[in-house]
Every structure is written in structure tokens, then in C-alpha cells.
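Read-outs: derived from the displayed coordinates by stated rules, not from any lab. All of these numbers come straight from a predicted model, not from anything done at the bench. So basically every Cβ, Gly included, is an ideal-geometry build from the backbone, and we count neighbours across all protein chains shown.
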Amino acid sequence: MQKLKIRGGVPLHGEVRISGAKNAALPILAAALLTRDTLALTNMPVLNDIGTMVRLLEQMGVSSARSGHSLSLTAADVGHPVAPYEMVKTMRASILVLGPLLARFGEAKVSLPGGCAIGARPVDLHIKGLEAMGARITIEGGYILARSARLKGARIFMDTVTVTGTENLMIAACLAEGTSVLENAAREPEVVDLAECLIRMGARIRGHGTDVITVEGVDALHGAEHAVMPDRIETGTYLTAVAAAGGEVTLTHARADTLDAVLDKLAEAGAAITRGERHIGIAMHARPKAVNLKTAPYPAFPTDMQAQFVALNAIARGTGIVTETIFENRFMHVQEMLRLGAKIDVEGNTAIVHGVERLTGATVMATDLRASACLVIAGLVAEGETVVDRIYHLDRGYEKIEQKLTGLGARIERSA
Ligand code: EPZ
């Protein structure tokens, strides 16, 4: 398995270009199933998860053409509305094909995603919402078997704020007969980006970005062009790396308006943040101050930035209390941080991070995408060499991470 070797202690300087958002691109790729026309996408990140979703669509009969960060999909002849276990088990976001397959073809066979390292992550709200729209759904042999005549608009209240649940139901509602109202909907910017793409395809959506999304179903959607929004979690990850390692960096092709909660916490930790139309600047010339945070649905502090802030708090002045309210097992990075000399106590869904003056390099193991980011940040500040193993987790969500960090002066290399 590939590893990243990092020799820490070097402040970061220069410019880094932010890639398109993985968590906006994935539902947008699934939405290509809604029309027989071509959906032409730009600012598409080059990531393993994107490749997995494209292969999943291609084995259904979707044709694709890719060059660099542009990708077009045409779902003219989808003769195989199936998402097989072998593919779904590698990427649970595959569940996002369920809504569009049902809406366009009236049938779908999608493997249940199964468990995940960070939590149970059921898909009961996806299923409940589609049933409310008239789908007949059974679970057989580990698969979701779904059938429906034309879906019917419905008022759906989601008990828990679910990002892909909101996305699945919003996509399905676009072709339903009548109007759907999604209540307690997710407000994440990725949901908004998906809605804007769907509207370009002819969908009638309003309220996206609020907790009540209204969709008036139409008979058919058409092709469109769409540029995927910048990745706000990649943005937050690089900003946190600078806050931890020190230095001055400008992030280009970034959107400051999608991560206020993170920018506020970085300022509280002592970073100087400058916001531009399409860039964010950060300067940090002192040891960070520990910050307390609690993850919650957007616009609150994102769970996908929790691990990175554990790394920041690990070397901060003072003690930072980090509370995770979204997933039940999202502190797996803590055990690995202890190997680097961090002082962290986990009590239930709270990590009490006692900042230390320095971390010392060691070999650590990535366990999930954002835990990997935490370990890379820790390696950037630790004395000596840190080896992060199993970095296939990282490659799912961070495009060219070692190239981008090397460009900022980090001493980092990939090895087999
Ligand atoms: C999305 O996952 C993101 N993935 C995750 O990012 C992110 O951590 C998460 O939202 C929360 O922001 C994509 O967008 C592809 P949820 P999702 O449904 O949609 C419970 C990353 O690092 N729930 O919002 O799967 C669930 O168990 C990934 O890029 C139900 O109970 O998350 C969780 O506790 C990791 N029933 C809570 O809701 C359901 O039917 C929020 O999950 C659905 C969810």
C-alpha cells in the first residue's frame, strides 16, 4: 500500500489551487441519469471516488467523455439500472443513483452500502422518502429493489438532516408528477450546487440552501453545462494545515462564503484570514490557540473538518474541546495522534485535546478520508519523519495532495 513520507517543521508559503468539490460532483454525476441528453461538467476533481461513480454509471449504460477536469455524461441508453455490491462497497455515495434511476426508469437495484468506519450510516430516510413518492421498495439479498410507476410529488419530513438523503429525494422529485416539499432538508452548499445544476437542466426547484426545498416535477429534463463548486473541505484542510504549520498561503479558486464556521474558528485560533471573491488568504506566525468546537449540519462547523482541527488543537496553546454530533465513531484519528505524542482524552462523542509544544514523527495509519488529512497535518508540524500508511483513503478526496503541499514548501513524498 502507498504511503506518504513527511518531514515536518517547515512553514508553508505560496499559492494553492482548490479543486472542484467531491461532495457536489458525486450527486451531480448521478443526476446525469435524469436525461437522455448530455450533461457537460467542468471543474470536476480528479479523484478515485469520481472515477468510481463514473464506472458505476458506465456499467449501467451511460457513456462518458473525460479530458482533464472536464467530463460529459450521456444517459441515453441505460439498460442496466443496477448498482452492484462490488462497486457500492467501495463508495457508499453510490446510493445517490437510487433516486434518479427510479425517477427516470421506474426501477432500480442498488446494493445497500453496508457499514462504514465512521458510523452505521443507514439509508432509511432515502428509502422512506422515495416510498412517500410512491416507490415500492423491498430489501433482498443485501440489495434495495425499487419499482414505481411515475413518482408522485409528496411532502417529506426528514427526521435527521441528511445530505445525500436530501440530494437523492430532490433529484427524484424533479421528474415526479406534482410538487414535493422536503422539510428539515440539508442546507449544505453541495446541495445548493446540485440544485443549480438541476435547474440548468430544466428542473423547477426553490428553497435550496434553506431547510425547506420545494420541487415542482416536470415531464423531462434536458442537457446542460455546469461548473462544479470549489471544494470547501479541501479549502478548510489547507487552511488548517497553514494554521498548524505556520506561514502565509493564498488559496485560489476558493469560495470563502461556504465555510464561515471554519474561517471563524481559524481566526479564533489566531490566524489572519483575508477573503477575496475567489480566493482566501491565511497568515499564521505564532503557535495557535486551542479552540472549542461542536460539529453540526451546515452552516455550523462541518463534521468533515473535525479531524483536521484535532490536529490543530494537538499543538495549540491550551486545551480544545472537540464534540462530534453527526457520526458515532469519528475519532479514529485520535489513537494514531497519540503515537505522534498528542495528549487527547476521548469521552463519548467528545475529544479533549491538551495542546503540546511538539509532536514527534512516527508511522501512523489512515483509517478514513478525513482522519488521513488529520495525520498529514500532524506530520507537517511533527519533528522528524512521519509516515502515513494506507493513503488510498486520502486519494478518494484530495486531488494531488503531495504535489499541492510540495508547492507550498512541504517536505512530502509518496512511496510504494
Ligand atoms: C455526506 O454524507 C458527505 N458525503 C459526508 O462526507 C459528510 O460527512 C456527511 O454528509 C455529513 O455532512 C457526501 O456528500 C458524498 P448524512 P451522508 O446522510 O449524506 C444519519 C467525506 O468525508 N442518517 O448527512 O452519508 C447518518 O447516520 C464524507 O467527504 C440516517 O440516520 O451523511 C448520520 O448520523 C464523509 N438515515 C447523519 O444522518 C439516513 O437515511 C448525517 O448523515 C441518512 C443519514
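Between the stretch 118-182 and the stretch 328-364, what is the C-alpha centre distance in whole Å?
For the stretch 118-182 versus the stretch 328-364, the Cα centre distance is 38 Å.
On the first, second and third principal axes, largest extent first, how far apart are the outermost C-alpha atoms of the stretch 153-235 in Å?
That gives 39, 33, 16 Å along the principal axes, largest extent first.
Tell me, Kirkwood radius of the stretch 106-210 from alpha-carbon pair distances, in Å?
Result for the stretch 106-210 stands at 14.3 Å.
Pick out, in residue order, every one of the GluC sites (Glu not before Pro) in the stretch 244-310 that is DSSP loop and has at most 10 other C-beta atoms within 10 Å; say none if there are none. Working shown, then result.
Numbers: sites: E248, E268, E277; in loops: E277.
Counting only loop positions with at most 10 other Cβ atoms within 10 Å, the GluC sites (Glu not before Pro) in the stretch 244-310 are E277.
For the stretch 252-361, take every pair of Cα atoms, bin their distances at 5 Å starting from 0, and report each bin as a whole percent.
2, 12, 22, 22, 19, 13, 8, 1, 0
Using a 10 Å cut-off on Cβ atoms, rank the peptides 50-57, 117-124, 375-382 from the highest mean neighbour count down.
Values: 50-57: 20.1, 117-124: 14.9, 375-382: 28.5.
With the highest mean Cβ count within 10 Å placed first, the list reads 375-382, 50-57, 117-124.
Any idea which of T160, I171, G217 is furthest toward the positive side of the dipole for the stretch 157-223, if Lys and Arg beta-carbons carry +1 and Asp and Glu beta-carbons -1?
Of T160, I171, G217, it is G217.
With no solvent and one equal point scatterer per Cα, compute the Debye intensity ratio I(q)/I(0) for the stretch 191-329 at 0.14 Å⁻¹ and report its log10, rounded to two decimals.
Log10 I(q)/I(0), no solvent term: -0.72.
If you line up the long axis of helix 163-173 against the longest principal axis of the chain, both from Cα atoms, how many degrees apart are they, to the nearest 10?
The answer is roughly 20 degrees.
Expressed as a rounded percentage, what relative contact order does the chain have, with Cα pairs under 8 Å and six or more residues apart?
Relative contact order, the chain: 21 percent.
Would you mind checking the radius of gyration and Dmax of the stretch 30-78 based on alpha-carbon positions, in Å?
Cα radius of gyration and Dmax of the stretch 30-78 are 9.9, 26 Å respectively.
Looking at the stretch 127-274 from every direction and averaging, what is the projected area of its Cα convex hull in nm²? Display every interim value, and only then the final one.
Working: hull surface 45.1 nm².
Average of the hull's projected areas for the stretch 127-274 equals 11.3 nm².
Under 20 °C and 1.002 mPa s, how fast does the stretch 1-83 diffuse according to Stokes-Einstein, given a Kirkwood radius computed over C-alpha pairs? Answer in µm²/s, whole number. Can you show the working numbers first?
Numbers: Rh = 14.6 Å.
Rounded, D is 147 µm²/s.
Rounded to the nearest 5, what % of DSSP beta bridges with both residues in the chain are antiparallel? Numbers along the way, then the final one.
Working: 59 of 84 bridges.
Counting only bridges with both partners in the chain, antiparallel ones make up about 70 percent.
Compute the projected area of the convex hull of the Cα atoms of the chain, averaged over all viewing directions, and report it in nm² to one decimal place.
Across all orientations, the chain yields a mean hull projection of 17.7 nm².
Show me the trypsin sites (Lys or Arg not before Pro) within the stretch 94-174 that DSSP assigns to loop and that have at most 12 other Cβ atoms within 10 Å of their Cβ.
Numbers: sites: R104, K109, K128, R136, R147, R150, K152, R155; in loops: R150.
Listed in order of number, the matching sites amount to none.
So which GluC sites (Glu not before Pro) in the stretch 305-396 pass both tests, a DSSP loop state and at most 15 other Cβ atoms within 10 Å of the Cβ?
Counting only loop positions with at most 15 other Cβ atoms within 10 Å, the GluC sites (Glu not before Pro) in the stretch 305-396 are E328, E357.
Helix 232-245 sits at what angle to the longest principal axis of the chain, using alpha carbons and giving 0 to 90 degrees rounded to 10?
0 degrees
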